[in-house]
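Taken together, the values in this text are just the output of simple stated rules run on the coordinates, not laboratory data. None of the values given here were measured: they were computed from a predicted structure. Glycine gets a Cβ as well: all are built from the backbone with ideal geometry, and neighbour counts include every protein chain shown.
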Amino acid sequence: MRLAADGWFRLNNGKLFVPLGGFHGNMIPVAMVRPDAKELWRLSPHLWDAQTTEGLGHIDLFDASDEILRRWFRILAGHGVTALRLFPRARVGPNVLDLCGRPNPALEAAFERAFRAARPYGIRFLLQIIPEPNLSCYSNDESVKNYVLPGLSPEEMGRLRKSAGRGKSRASSSSGCPACPSPFLMPASA
């Protein structure tokens, strides 16, 4: 896709593309996709009901089956939607795509499934680069504990422990930085 000389978005084949929609693409209204009883039971622990559509909650794109995704994109395309905003997170929470410098494989796979399911309907995604910063691993200890650390290999955990140990011993020594609460914030000269 490119911005053409005429000021319109055009696909590589020259066809006009008008980004209509652009709303929050992570959430799929249960009322619109009508999952069967078995699918609804599978999704029930993760339904988001802080907002509802026709009195029913929403399925996060992360939890949606391929069939639900196809149904949702078919419905949207039927209403003229061509673009959705996609936040790099799952379940309206701190399970984000960036796990302190490495991609979240489960979320990456969910997005790939969504991209594949949307492609036949001509739906594109407007990717938000950063979710709410206060939910990221850079500022939220719970995010580190629940999403970053479980994804590390034993070797990576060992390197992390060694690094933390070096930081603690430097911080407690007279040449350390007692004002730095985290071993990862140690000045290079310490």
Relative contact order as a percentage, the stretch 45-164, C-alpha pairs under 8 Å and 6+ apart, gives 25 percent
Output row, site GLN51, 7 Å Cα→C-beta label point, backbone N cut-off 19 Å, window the stretch 27-44, residues 27-34
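At 0.36 nm per residue, and after removing the present C-alpha to C-alpha distance, how many nm does the segment from LYS15 to ARG85 gain when stretched out fully?
Extending this stretch completely gives an extra 23.0 nm.
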Taking a crude spin-label model, label points 7 Å out from Cα along the C-beta direction, the ARG119 to LEU40 distance in nm is 3.3 nm
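How big is the equivalent ellipsoid of the stretch 2-163 along its three axes, where each semi-axis is √(5λ) from the Cα gyration tensor, reported in whole Å from largest to smallest?
Numbers: eigenvalues 190, 102, 36 Å².
The equivalent ellipsoid of the stretch 2-163 has semi-axes of 31, 23, 13 Å.
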Ranked output for segments 85-91, 147-153 by mean other Cβ atoms within 10 Å, highest leading, reads 85-91, 147-153
